[in-house]
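Quick notes on the structure that follows.
What follows draws every value from the coordinates through simple rules; no lab data is involved. Just so you know, these numbers come straight off a predicted model, no measurement behind them. Virtual Cβ from ideal backbone geometry, glycine too; neighbours counted across all protein chains shown.
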Amino acid sequence: MITSLLYHRPMDLLHLLTPELSWHDRGRWDLTAGLMAQLFSRRREPLWSVIGSALAVREATDRLSPFVQAHTSAVCPECERVCCVNKHGYYDHEDLIYVFSLGLDVPRYREGLSDTAPCQFIGSTGCTLPRSVRPFRCNWYFCMTLVRHMEDGPGRPYRAFVSDFEDLLAWRNEMIRQFYRGLENEISRSTASLLHETP
């Protein structure tokens, strides 16, 4: 029975952690978050490589933040079309891998808000979430006005930003790859144990 449970939980996660996962489907969202919390609390040692990659992503994000902040603070207040809307403020399935790897909690989202309304995490001085824990698509979407402002600035900081951002993407891709490989290995081990227990 225990082995059967250990098999089904990773298998359930494999089917739940897809691009279709959405906070708006609360039953599926809560089930996924609960299974992720169990996985990372019960099996942290086999996930060290995932956790290490997530830490590298956070460090890279913190390193890039001053450059991004300098440009968004110059461009965004003058913008007539606000990019920061609720639909970009929700975690997706890959963001969940990242935040659970770091041992963080998923933000509590408010019910009944329009996806196109200004993001619920926007305060009087900007986003209330630290950059390192914002959704990936929120952090790294740059409108053309912002891109041009970056490109028109001093060349050396911009080239350093591009290089560091490429490193961040590589660490994030590695984190995701390691996670799914670990999940599949867990399923394989549990399957072997289940077959061994079957008379």
Give me the net charge of Phe136's neighbourhood, meaning all other residues with Cβ under 13 Å from the Cβ of Phe136; Lys, Arg count +1, Asp, Glu -1.
+2
Residue-averaged [θ]222 nm for the chain, counting only DSSP H segments that reach four residues, each worth -39500 (n - 2.57):
-21000 deg cm²/dmol
For the chain, list the cysteines whose Cβ sits under 4.7 Å from no other cysteine Cβ?
Cys76, Cys79, Cys83, Cys127, Cys138, Cys143
Using a simple spin-label model with points 7 Å from Cα along the Cα→Cβ vector, what separation in nm is obtained for Arg63 and Ser49?
2.2 nm
For a test of the definition: using alpha carbon positions, the gyration tensor, and the 1.5 limit on a/c, classify the range 117-176 as rounded, prolate or oblate.
oblate
Only one of the listed values, (i) 30, 19, 15; (ii) 37, 25, 13; (iii) 37, 20, 12, was derived from the coordinates as semi-axes √(5λ) of the Cα gyration tensor in Å; which label is it?
(iii)
Just check the range 64-146 against the gyration tensor rule for me: Cα atoms, a ≥ b ≥ c as the square roots of the eigenvalues, rounded for a/c under 1.5, and otherwise prolate or oblate depending on whether a/b exceeds b/c.
oblate
Output the peptides 172-182, 65-75, 152-162 sorted from most to least packed, where packing is the average of other Cβ atoms within 10 Å over each peptide's residues.
172-182, 65-75, 152-162
Cα-based helix-to-principal-axis angle, 26-42 vs the chain, degrees rounded to 10
70 degrees
Label the range 51-105 by shape, choosing from rounded, prolate and oblate, from the square roots a ≥ b ≥ c of the eigenvalues of the Cα gyration tensor; if a/c is under 1.5 it is rounded, and otherwise prolate applies when a/b is larger than b/c, oblate when it is not.
oblate
